[in-house]
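Accompanying notes for the structure given below.
The values are calculated or read from the model by the stated rules, or taken from the named source; none is laboratory data. Please read these numbers as outputs of a predicted model, since none were measured by experiment. Counting neighbours? That spans all protein chains shown, and the Cβs are built from the backbone with ideal geometry, glycine included. Calculation scope for accessible area: heavy atoms of the full protein, side chains included, ligands and nucleic acids excluded. Shrake-Rupley method; radii C 1.70, N 1.55, O 1.52, S 1.80 Å.
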Amino acid sequence: MGTVRRSVALTGAVVSLGLVLTACSSSPTPATTPSASATTPASVPQINAADFTSDFALMKQLTGLAAQGKGMIGVLLPDTTTSTRYVQYDAPYLKKAFEAAGLSSSQFKIDNANGSASTMQTQAEADINAGASVLLVDPLDAGSGAAIEAKAEAAGVKVIDYDRLVTGGPADRYYVSFDNVEVGKLIGKGEVQCLTDWKVAKPNILIMDGDPTDNNAKLFAQGYNGVLQPYFDNKTYVKVGEPAGTWTPSVAATTFEQQYTAHPNINAVVTPNDDNANAVIAVLKKDNIPAKTFPTTGQDASLPGLQNILTGYQCGTVYKPIYLEAQAAAALALYLRAGQTPPTTLVNSTTTDSVINKPIKSVYTTPVWVTSANMAATVVKDGAVTVAQLCAGNVASACAAAGIK
């Protein structure tokens, strides 16, 4: 931002409106240096959403921004069961991002609602009463999330939807996630490639969705159904069914068993995350279905998902480097906490809230489809999983074959 500069010259006499004023000096005064009263506003860093790295180096550029801000940042995570990521990745990565930017433990707070919307409501109220200036909300459902956000905004607290869009939330909030339609497309393309690679004749596909109350699940389905529909239309594949969705693995297992009993011709499943895929794979193993014959898909790059890929029971997983999402959310929160407008290089997209029919300012980070071929160069290289964890027990030989060591 520019600095105002002023140059003043005083002459020996100034004639104005016919009045002669005596100059302060008998000789002209030279031009002055910039006025001491003209100040430069505090610098606002212009970071780019594409520049976050696994070493959290970019967050260190935000220490000045963190020092400008006031109030606590509250983070509300949904549970520990629908996806193991919230405990394994999100919470520690968010903590690391805030600390890298210079926040102390008293300046941010990360809670998990353990599957209870009322618990999240209580946690949100506690944060607001404790002086939170920003809330990151990853809701259990859109309705309870919107209620939390409405109360936060009424108290003057800035709101960020984290990972899941809170449909029906305030129009001026922000959203941080991956491009979830693209996530779904990667799942669909992965299924198509796997059907070829595993030589599945006459694919009869069961499509298993995530929980219909989760807007992300709708976006994932939009992506993979868009990829697969032309194959269903031209009769290359048969769509056996698309039962009610869930994020609860035990429910997914029951649903799959029921569908498989009713339709024993099923020979492939689109599963929307690794935990649901693992539930399906447990049924397949119980039924003695051999490896690399019955494709399943996933996302989250969880340890069980990666091991299922290596052992030939899952085609691949969408790796959403959560350290990218966590840093993007933490950075955005720091701008809002400091009362600054985030740069367009960070807030790089919009997402339509179908309930209020308005575009929500969004930060998108980039997902990656991971198979045994690129696992070493992605999740292992990033440290999302250790070789010792990944290659334990009967997975050791598969790791060796994939060049993971």
What pairs come up if the first residue lies in the range 91-108 and is in a loop (DSSP other than H, G, I, E, B), the second is polar (S, T, N, Q) and open to solvent by 50 Å² or more (accessible area, probe 1.4 Å), and their beta carbons are under 8 Å apart, counting only those six or more places apart or on different chains?
Ala101/Thr63; Gly102/Thr63
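May I ask you to list the residues in the range 151-176 that are assigned to a strand (DSSP E or B), among the hydroxyl-bearing types (Ser, Thr, Tyr) and either within 16 Å of Ile356 (Cα to Cα) or modelled with pLDDT under 95 (or both)? Show your work before the answer.
Residues of the range 151-176 that are assigned to a strand (DSSP E or B), as a first pass: 158-162, 174-176.
The next check asks that each one be among the hydroxyl-bearing types (Ser, Thr, Tyr); those that pass are 162, 174-175.
Hits for the range 151-176 are Tyr174, Tyr175.
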If we keep only residues of the range 267-293 that are without any contact (Cβ under 8 Å) to a residue 60 or more places away in the chain and of a type in the set (A, V, I, L, M, F, W, C), then the residue most open to solvent (accessible area, probe 1.4 Å) is Ala282
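From Thr39, Thr63, Thr33, grab the single residue that is open to solvent by 30 Å² or more (accessible area, probe 1.4 Å), at pLDDT 95 or above, more than 23 Å from Val380 (Cα to Cα) and not charged (D, E, K, R). Give the steps one after another, and end with the answer.
Numbers: Thr39 fails: at pLDDT 95 or above; Thr33 fails: at pLDDT 95 or above.
Going through Thr39, Thr63, Thr33 in turn, just one is open to solvent by 30 Å² or more (accessible area, probe 1.4 Å), at pLDDT 95 or above, more than 23 Å from Val380 (Cα to Cα) and not charged (D, E, K, R): Thr63.
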Restricting to the range 294-309, what's the tally of residues that are open to solvent by 20 Å² or more (accessible area, probe 1.4 Å) and either of a type in the set (A, V, I, L, M) or under 17 Å from Ala400 (Cβ atoms) (or both)?
2
Scan the range 255-266 for residues that are open to solvent by 70 Å² or more (accessible area, probe 1.4 Å) and either assigned to a loop (DSSP other than H, G, I, E, B) or β-branched (Val, Ile, Thr) (or both) and jot them down.
Thr261, Pro264, Asn265
Answer residue from the range 154-170, given it is touching a Pro at 6+ places or on another chain (Cβ under 9 Å) and among the hydrophobic types (A, V, I, L, M, F, W, C) and is surrounded by the most Cβ atoms within 10 Å (Cβ to Cβ) among those:
Val166
Here the qualifying pairs (Cβ atoms under 8 Å; residues six or more apart or on different chains; first in the range 111-133 and without any contact (Cβ under 8 Å) to a residue 24 or more places away in the chain; second of a type outside the set (Val, Ile, Thr)) come out as Thr119/Ala113
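Per-residue answers, yes or no, for (1) among the basic types (Lys, Arg); (2) open to solvent by less than 50 Å² (accessible area, probe 1.4 Å); (3) under 14 Å from Tyr174 (Cβ atoms):
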residue: Tyr323; (1), (2), (3): no, yes, no
residue: Ala331; (1), (2), (3): no, yes, yes
residue: Leu336; (1), (2), (3): no, yes, yes
residue: Thr345; (1), (2), (3): no, no, no
residue: Ser349; (1), (2), (3): no, yes, yes
residue: Asp353; (1), (2), (3): no, yes, yes
residue: Asn357; (1), (2), (3): no, no, no
residue: Ile360; (1), (2), (3): no, yes, yes
residue: Asn374; (1), (2), (3): no, yes, no
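What about Asn216, is it in a helix (DSSP H, G or I), touching a helix residue (DSSP H, G or I) at 6+ places or on another chain (Cβ under 8 Å) and modelled with pLDDT of 95 or more? Even if it seems obvious, please write down each step before you answer.
Numbers: in a helix (DSSP H, G or I): yes; touching a helix residue (DSSP H, G or I) at 6+ places or on another chain (Cβ under 8 Å): yes; modelled with pLDDT of 95 or more: no.
Against the criterion (in a helix (DSSP H, G or I), touching a helix residue (DSSP H, G or I) at 6+ places or on another chain (Cβ under 8 Å) and modelled with pLDDT of 95 or more), Asn216 does not qualify.
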Answer yes or no as to whether Asn204 is touching an Asp or Glu at 6+ places or on another chain (Cβ under 9 Å) and open to solvent by less than 50 Å² (accessible area, probe 1.4 Å).
no
